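The values are calculated or read from the model by the stated rules, or taken from the named source; none is laboratory data. As the structure is a prediction and not an experimental result, all values here were calculated from the model. Here the Cβ is made from the backbone with ideal geometry for all residues, glycine too, and neighbour counts use every protein chain on show.
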Amino acid sequence: MMSKKSIEIGVGLFVLLGLAGLLFLSLKAANLASFGQRSGYVVTAPFDNIGGLKVRAPVRSAGVTVGRVTGITLDPQTFRGVVTLEINESVKFPKDSSAKILTAGLLGDQYIGLEPGAEERNLQAGDVIASTQSAVVLENLIGQFLFNKAADGGDKK
Amino acid sequence: MNDPALIEIDRVSFGYDASRLILSDISLRFPRGKVTAILGGSGCGKTTLLRLIGGIHGATAGRVVFDGEVVNARNRDQLMRLRRRMGMLYQFGALFTDLSVFDNVAFPLREHSGLPEALIRDIVLMKLNAVGLRGAAGLKIAEVSGGMARRVALARAIALDPELIMYDEPFAGLDLISMGVAAQLIRRLNDITGATSLVVSHDVPECMAISDHVVLLANGGRIVAQGTPAELMGSNDPEVRQFVRGEPDGPVKFHFPAPSLAQDFGVRA
Amino acid sequence: MSFVQALGAGVLRWLAAFGHASLFFKDLLVHGLQAVRRPDLVIHQIHAIGNRSLVIILSSGLAVGFVLALQMYYALVPYGATESLGLIVNLSLVRELGPVVAALLFAGRAGTSLTAEIGLMKAGEQLSAMEMMAVDPRSRVLAPRFLAGVISMPLLAVLFSAVGILGAWAVAVGLIGLDPGNFWSLMQDRVDVWRDVGNGVVKSAVFGVICTGVALYQGHETQATPEGVAYATTRTVVVSSLAVLSMDFVLTALMFSTP
């Protein structure tokens, strides 16, 4: 039977070890480190088709992550998909920047790619990105391909 | 209240399951400040009586009264309050195996008395001294023999100087010396502290030697006899005689009910 | 008794047992929360339950990490996606294997020890003696153990996952030779603290309640005989394991299904 003191020390070590493990998991093995950069401004972007875009997908420009997707809803008037983006405070984009839904690699997850425009004024919180390009939907692509093929065949006749 | 009876059992009936009543409409009074022995064969309800007094079970009918208060087994607060005035010695001690001898005796003091450690230490050593085990205070429970364990349990039971001390088979399985020691302790503690002692046992000679009052129970919680030890020893009632003399056959039969010999062995009796 | 009577009696018995167990759990929760008033008891139990389980948890975590890295590597090679190894191992551990396997190990090691201890205390009439000394065994004996179990379980699960990831790293980078940069960076990019790590911790807390509660219940209800105690310890492992696995399904569905 260990003395009371050594038991208390043992338990203290155990709890500390557990918390250290938690810290390790959170910082080294998850995205807590980038968590601090949550202060950002929120803009929206409407798309005809958001494809497989998910909430918390990254927003990248020139490949560098500058924000996150925070919400996806359907606009009941225009029936377009409205994506809410939160962009880092430190990164400003011109008002006429465009947003595309891109795929990381061949089979990877989808993300938002921002291409800066040329205007002098910058996007502010609450602004809407007007120029958007929807995701590439495989079925539409195939349909398009077949249609083109059929059209070519028809022309040749 | 200064009722001469500390405990009153008033027309109590009880059974662990509804179909079999262990005690049936039994009434008893236990005198204050005296040692009362409750004798009887196994299964006659002696230990059950102790449990009812301690509120571990609630009587199905009747009242159990402790110092003028009806013991309500459902009222935890009342039970906790009353139990602080009782001490119970279990048959095998029921000591806390993860604590030392000292810590076992100190347990009720630490939980209830609110006294500082230094004072508790003194009280524990005094109680251990009363049972002759002051030198064993540092031992672990695993290192203590059966007889010693029971003495430690006794020290623990009297730690808070209870008004009522209940002994469940204190002599069972002890050698003669230990039995003598235990009997002496019970008597002396009772006299010195002015407590009331209830001793449940089937050990006739020891009980007769130390009790002021004896109650003999039979199966079903039926009171066969009660009175002073002298009265019971000299009784002419066959049931009483069989018990106090330990005769193998009498009103309590030797044979468990069985079909006739002719039936079982196919012979003519 | 006719069949219908027997069925009815059986149902009533089952209901009574279920009610009894529910009341017991309610007591555990109520007294468990109050056990913070006796930190000395709780600390002692954390030592008995948590510290003593460290060896098996850490070694199992390491082993699982090794194996996971190897298996996932072979699974990813045909797709050329071996750079995701770190990410996959992390998610598997933190979301599922950490909480679940740690809980199963906990049930086996700490759960059986609790059941046996309480069962033996009951057999030796220690609980009854405590009651007669006007000390409620629920708050003195059961509650500190319950609180200790609920505190220890998440810590153990976290350590299991952490050690597993390190073990996987050792195999992936050290043995197989994958790029360490990718191993960590994909993880850091895609594993979310709240959704993945946080939900894993919540899961293990729930499992802690289940395993500790079941262990204490079985010990408390056991028959005071050697066979009774032995039977109770096996029942602790079986019931805890089944409950953990079922709750895991429910929790996973709640936490991780895409909205």
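A few comments on the model shown:
- Members of the range B:202-259 that are of a type in the set (Asp, Glu) and either within 22 Å of residue B:169 (Cα to Cα) or modelled with pLDDT of 85 or more (or both): B:203, B:206, B:212, B:231, B:239, B:247
- Residues of the range C:7-31 that are over 13 Å from residue C:213 (Cβ atoms) and surrounded by 11 or more Cβ atoms within 10 Å (Cβ to Cβ): C:7, C:8, C:9, C:17, C:20.
- In the range C:1-56, the residues that are in contact (Cβ under 8 Å) with a residue 24 or more places away in the chain and among the acidic types (Asp, Glu): C:27
- Filter result for residue C:113 (in a helix (DSSP H, G or I), out of contact with any Pro (no Cβ under 9 Å at 6 or more places or on another chain), among the polar types (S, T, N, Q) and within 13 Å of chain A (Cβ to nearest Cβ)): no
- Inspection of the range B:243-259 identifies no residue that is assigned to a loop (DSSP other than H, G, I, E, B) and crowded, with 17+ Cβ neighbours inside 10 Å.
- So residue C:241, is it surrounded by fewer than 20 Cβ atoms within 10 Å (Cβ to Cβ), among the hydroxyl-bearing types (Ser, Thr, Tyr) and at pLDDT 95 or above: yes
- For the range A:50-64, taking the residues that are surrounded by fewer than 15 Cβ atoms within 10 Å (Cβ to Cβ) and either within 8 Å of chain C (Cβ to nearest Cβ) or farther than 23 Å from residue C:193 by Cβ (or both), the one that is modelled with the lowest pLDDT is identified as A:56.
- Residue count for the range C:49-62, restricted to those that are more than 9 Å from chain A (Cβ to nearest Cβ) and either of a type outside the set (S, T, N, Q) or within 10 Å of residue C:110 (Cβ to Cβ) (or both): 9
- Only helices (runs of 4 or more DSSP H) whose full extent lies in the range B:73-139 are considered here, and the ones with at least 2 residues that are more than 14 Å from chain C (Cβ to nearest Cβ) are B:101-108, B:117-130.
Yes or no, residue by residue, for (1) surrounded by 15 or more Cβ atoms within 10 Å (Cβ to Cβ); (2) within 14 Å of chain C (Cβ to nearest Cβ); (3) not in a loop (DSSP other than H, G, I, E, B):
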| residue | (1), (2), (3) |
| --- | --- |
| A:66 | yes, yes, yes |
| A:69 | yes, yes, yes |
| A:77 | no, no, no |
| A:87 | yes, no, yes |
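- Pairs with Cβ under 7 Å, 6+ apart, first in the range A:42-62 and at negative phi, second hydroxyl-bearing (Ser, Thr, Tyr) and outside any strand (DSSP E or B): A:46/A:78; A:47/A:134; A:48/A:134; A:49/A:134
- Candidates B:25, B:67, B:3, filtered to the one that is in contact with a strand residue (DSSP E or B) (Cβ under 8 Å, 6 or more places away or on another chain), surrounded by fewer than 17 Cβ atoms within 10 Å (Cβ to Cβ) and within 25 Å of residue B:228 (Cα to Cα): B:25
- When C:130, C:121 are checked against the criterion of being farther than 18 Å from residue C:177 by Cα, within 14 Å of chain B (Cβ to nearest Cβ), part of a helix (DSSP H, G or I) and out of contact with any Gly (no Cβ under 9 Å at 6 or more places or on another chain), C:130 stands alone in meeting it.
- Taking the criterion of being modelled with pLDDT under 90 and within 20 Å of residue B:73 (Cβ to Cβ), the residues of the range B:29-48 that qualify are B:45, B:46, B:47, B:48.
- Selection within the range B:44-63 - among the β-branched types (Val, Ile, Thr) and more than 16 Å from the chain's Cα centre (by Cα): B:60
- The residues of the range B:39-72 that are on the phi > 0 side of the Ramachandran plot and either of a type in the set (Val, Ile, Thr) or away from chain C (no Cβ under 14 Å) (or both), listed by number, are B:40, B:43, B:45, B:62, B:67, B:68.
- Which numbered condition residue B:52 fails, given (1) in a helix (DSSP H, G or I); (2) at pLDDT below 85; (3) aliphatic (A, V, I, L, M): (2)
- Within the range A:89-130, the set of residues being loosely packed, with under 14 Cβ neighbours inside 10 Å and in contact (Cβ under 8 Å) with a residue 60 or more places away in the chain comprises A:124, A:125, A:126, A:128.
- Of everything in the range B:203-236 that is among the small types (Gly, Ala, Ser) and part of a strand (DSSP E or B), the residue that is farthest from residue B:29 (Cα to Cα) is B:218.
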